[in-house]
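Engineer: Pasting in a structure now, in structure tokens, and then I'll have a few things to ask.
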């Protein structure tokens, strides 16, 4: 791709490309928000804004993990399956005390650890393409989940998970606060620790990373495990918002999280992009769904809007990258 | 004398060479697994042993065969197509919805639907070229748009086909299902193009080493438009087949061909990185998947466990033999 770009040089005002590359999605997000505030009825209401943020939080949590995996040149199609499995785990404990949440969290994270480890093992040691490894895990996990629930998941979502998933303090959704904390941790890890540097190096140039003594396999493996763990948390947050469980909680999040991350400027070629950008991508995607709904389009029309906006956002954003 | 003695086996080898090119390790393993599945089937059930059942398995491969063929060609060129389900949703619902039982509309609508399928594919290819974004993202975005249009047209399966339209799926000539035979014919045509004609070589070149392919003058645009167009066309064939089989189109897009189409490709030894592999492995992969489903049904294993088995088979296939070949390469 890059060869084609360099083969056809274009004239562009100096700096314009760099500006768009750095700020394309933010500009897009801003224009979208202002446009919506002016033209979409009810978008400005505090209730709706809070709604958008609550909706974006579970996706945001998943995007954090997806971002890590994409940074090391992979992607994770099993996140939605992990989310649904975590949701099923959340409703499989009978006690309604808040202490059951501890065991739920522990079991969910254990499940995520197993899934992430298998993904990581297949990708690093068996050299399976991430697409197939995580796709296969998605299907296997789906089978396990359906066999466990005998096809019909049921049960009560514990109160604490419901509160975290759907309530707000001082107008700020709790799940958004949770997302911000997690994002801060992941963001600081990526920007300020050796592990973070290693992730960027492995994604940018695995061979060079190997030569300077980075354990490429271990870094990649860790990213897959973290992605599954974050997806499990995302699943718990989502089931807390939805309030009831079925076998398809989080359906579509695998592709939406990839789309949001790529829209946020994280390159599928690996090694470029930030968690912050990916999160903006998640918010923009959620905002788009919200706006499509507010404008009174039939629900089906959301599909069309989603497709068009993805193409638009990617096109706008990548203009900058290509001009370099 | 010595010359003669040497040339004889080498001439025999030369005759065998095309054969050895087709019989890759993946293909041999697939044949072995299919044989094994048949043996298991023969042992476990009397009903499996009937000619009818074998023909049934063959007939049921039709839908998957078309999309898997398109997916193979795209993967060979280094891309991927995740707009198949949306394509099938639109083409199948339009076909049954517009025709609505009127026999005189059937033929023109089939032509129209094939054109629509082709167009969706070409739009995919064009957007990939214009935006220079990963095909995964582009085809998903196009899929979302096409799926939305389908659901705006109808939320429920509507319309129907005139009597006799189920011939395409269920009709038999000398006991051979028409649709399935046609899918094998399509595989043969594509195999010929890939092996002997220029576009075929260009697809392999582009998938194997894109930068090198550009430098030696492979018309990248034409190849990309060709492979995505072909895949779109083949997906609409699956749409037509499904309408013929079920009598009505399915607008929901939950046919699961996006991911199902990748399994036979991978089983057939075509890695997702492109440039290597072929369609024979895919055809056998389609048969393998269908035979497996059939055997599992006879074993009375629920869908849930079938999913697990399918996932484990993908893992086994990609982590055992493809891995070895990659190391060898």
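Engineer: Give just the number: which of (1) away from every other protein chain (no Cβ under 13 Å); (2) under 25 Å from residue A:241 (Cβ atoms); (3) more than 17 Å from the chain's Cα centre (by Cα) does residue A:141 not satisfy?
Structural biologist: (1)
Engineer: Taking residue B:148 as the residue in question, decide whether it is in a helix (DSSP H, G or I) and within 14 Å of chain A (Cβ to nearest Cβ).
Structural biologist: The answer is yes for residue B:148.
Engineer: If you go through the stretch A:282-310 one residue at a time, how many are touching a residue at least 12 places away in the same chain (Cβ under 8 Å) and either buried (at least 22 other Cβ atoms within 10 Å of the Cβ) or not in a loop (DSSP other than H, G, I, E, B) (or both)?
Structural biologist: Residues that pass the stated criteria total 17.
Engineer: Within the stretch B:154-161, is even one residue out of contact with any helix residue (DSSP H, G or I) (no Cβ under 6 Å at 6 or more places or on another chain), part of a loop (DSSP other than H, G, I, E, B), more than 14 Å from chain A (Cβ to nearest Cβ) and closer than 19 Å to residue B:84 by Cβ?
Structural biologist: The answer is yes, given that some residue of the stretch B:154-161 is out of contact with any helix residue (DSSP H, G or I) (no Cβ under 6 Å at 6 or more places or on another chain), part of a loop (DSSP other than H, G, I, E, B), more than 14 Å from chain A (Cβ to nearest Cβ) and closer than 19 Å to residue B:84 by Cβ.
Engineer: Return the residue satisfying two criteria in turn: it lies in the stretch B:268-288 and is within 12 Å of the chain's Cα centre (by Cα) and within 14 Å of chain A (Cβ to nearest Cβ), and of such residues it is surrounded by the most Cβ atoms within 10 Å (Cβ to Cβ).
Structural biologist: Among them, the one singled out is B:285.
Engineer: List pairs: first in the stretch B:109-123 and in contact (Cβ under 8 Å) with a residue 60 or more places away in the chain, second surrounded by fewer than 20 Cβ atoms within 10 Å (Cβ to Cβ), Cβ under 6 Å, 6+ apart or cross-chain?
Structural biologist: Partner pairs satisfying both residue conditions: B:122/B:225.
Engineer: Also, quick follow-up: Tell me which of these residue A:279 doesn't satisfy, since it passes every other one: (1) more than 10 Å from every other protein chain (Cβ to nearest Cβ); (2) in contact with a helix residue (DSSP H, G or I) (Cβ under 8 Å, 6 or more places away or on another chain); (3) not in a helix (DSSP H, G or I).
Structural biologist: (3)
Engineer: Further question on the same structure: Only one of B:113, B:123 is within 15 Å of residue B:242 (Cβ to Cβ), at pLDDT 95 or above and surrounded by 20 or more Cβ atoms within 10 Å (Cβ to Cβ). Can you tell me which?
Structural biologist: Among B:113, B:123, only B:113 is within 15 Å of residue B:242 (Cβ to Cβ), at pLDDT 95 or above and surrounded by 20 or more Cβ atoms within 10 Å (Cβ to Cβ).
Engineer: Further question on the same structure: Within the stretch B:71-101, which residues are surrounded by fewer than 24 Cβ atoms within 10 Å (Cβ to Cβ) and either touching a helix residue (DSSP H, G or I) at 6+ places or on another chain (Cβ under 9 Å) or part of a helix (DSSP H, G or I) (or both)?
Structural biologist: Hits for the stretch B:71-101 are B:78, B:80, B:82, B:97, B:98.
Engineer: If residue B:147 meets every condition in (1) at pLDDT below 90; (2) closer than 22 Å to residue B:248 by Cα; (3) surrounded by 22 or more Cβ atoms within 10 Å (Cβ to Cβ) apart from one, which number is that one?
Structural biologist: (1)
Engineer: Something else now. Looking only at the stretch A:169-203, count how many residues are exposed (fewer than 15 other Cβ atoms within 10 Å of the Cβ) and in contact with a helix residue (DSSP H, G or I) (Cβ under 7 Å, 6 or more places away or on another chain).
Structural biologist: The total comes to 2.
Engineer: Given the conditions (1) facing chain B (nearest Cβ under 9 Å); (2) in a helix (DSSP H, G or I), which single one is not true for residue A:127?
Structural biologist: Of the numbered conditions (1) facing chain B (nearest Cβ under 9 Å); (2) in a helix (DSSP H, G or I), the odd one out for residue A:127 is (2).
The values are calculated or read from the model by the stated rules, or taken from the named source; none is laboratory data. What you are looking at is a predicted structure, and each value in this text was computed from that prediction instead of being measured. Quick reminder, even Gly has a Cβ in these numbers, built from the backbone with ideal geometry, and neighbours come from all protein chains shown.
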